[in-house]
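The values are calculated or read from the model by the stated rules, or taken from the named source; none is laboratory data. No experiment lies behind these values; they were computed from the predicted model shown. Cβ sites come from the backbone with ideal geometry, for glycine too, and all protein chains shown count toward neighbours.
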């Protein structure tokens, strides 16, 4: 629920560092007024998808965008004729990649191995993304994209935090990176704390770093066995406080199934 996160963490006029993912973390940050956004990801193809999505916003109508990417999980089309409308505005690397995807998937890219299916997502695209709430919001996003352009940092998270400039970001969106980083192995919490010590150097005083604490839609019946992941446990939160770097708090909002709450941990740099 990307938009819900940014409603809890004001980004207007701020410099934001965020996971890239499908690009919606970046787009929603801009929509809520971030003045600069840097995306990071271990997936070297992530920027290609962001460029496709940005070009689509710039050159497709709201209705065409929704048909292309979908209004909810599983109903996107990646319609070839709509792609051709966007393709002429893509850089060469991005166009060549998606041309290849269309060829390899015999015209059905969303069923290819390049895309991750998330069957647990019950929320609509509009409820997850503020820029898709309605046509007016979409038009506003289009106007914003005329004056902004994200930067990208690619690589493993350990390497990435070492490369970041110091005291450069007001908001850092870690999404569920830390839960992946620790996994179900509680012994890796120490490594996570070390990672955050390094990352804190790049956050301005009073800046906020946040990450997913818990989502029943994602974590129930997973490797975490119906419990909060170790990276987000009460014990880990106490260790975060003991670092003496952050004030630690939580925020919750309606989750992707529209019922139970998702929770994020907020770390405010002291």
Notebook entry, point to check: In region 129-155, which residues are part of a helix (DSSP H, G or I) and surrounded by fewer than 20 Cβ atoms within 10 Å (Cβ to Cβ)?
Noted result: 135, 136, 137, 139, 140, 142, 143, 144
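Let me confirm something: among 133, 167, which residue is under 20 Å from residue 9 (Cβ atoms), out of contact with any strand residue (DSSP E or B) (no Cβ under 6 Å at 6 or more places or on another chain) and at pLDDT below 95?
133
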Next item on the list: Confirm whether residue 158 is over 17 Å from the mean Cα position of the chain (by Cα), exposed (fewer than 13 other Cβ atoms within 10 Å of the Cβ) and either more than 19 Å from residue 270 (Cα to Cα) or at pLDDT below 95 (or both).
Entry: yes
Note to self: Would you confirm whether or not region 72-82 contains a residue that is touching a residue at least 12 places away in the same chain (Cβ under 8 Å), touching a strand residue (DSSP E or B) at 6+ places or on another chain (Cβ under 9 Å) and surrounded by fewer than 17 Cβ atoms within 10 Å (Cβ to Cβ)?
What the structure shows: yes
Next item on the list: Return yes when residue 206 is surrounded by fewer than 22 Cβ atoms within 10 Å (Cβ to Cβ) and at pLDDT 95 or above and no when it is not.
Entry: yes
Next item on the list: Would you check if residue 90 is at pLDDT 95 or above and assigned to a loop (DSSP other than H, G, I, E, B)?
Entry: yes
Margin query: When you check residue 64 against the structure, is it assigned to a loop (DSSP other than H, G, I, E, B) and in contact (Cβ under 8 Å) with a residue 12 or more places away in the chain, yes or no?
Written below: no
Check: How about region 88-101: which of its residues are buried (at least 17 other Cβ atoms within 10 Å of the Cβ) and farther than 20 Å from residue 24 by Cβ?
Finding: 95
Next item on the list: Give the residues of region 67-80 that are more than 19 Å from residue 90 (Cα to Cα) and in a helix (DSSP H, G or I), sorted by residue number.
Entry: 67
Next item on the list: For residues that are free of Cβ contacts under 8 Å to residues at least 12 places away in the same chain and within 21 Å of the chain's Cα centre (by Cα), scanning just region 162-203, find the one that is surrounded by the fewest Cβ atoms within 10 Å (Cβ to Cβ).
Entry: 163
Next item on the list: Could you check, for region 5-13, whether at least one of its residues is at pLDDT 95 or above, part of a loop (DSSP other than H, G, I, E, B) and either crowded, with 22+ Cβ neighbours inside 10 Å or touching a strand residue (DSSP E or B) at 6+ places or on another chain (Cβ under 6 Å) (or both)?
Entry: no
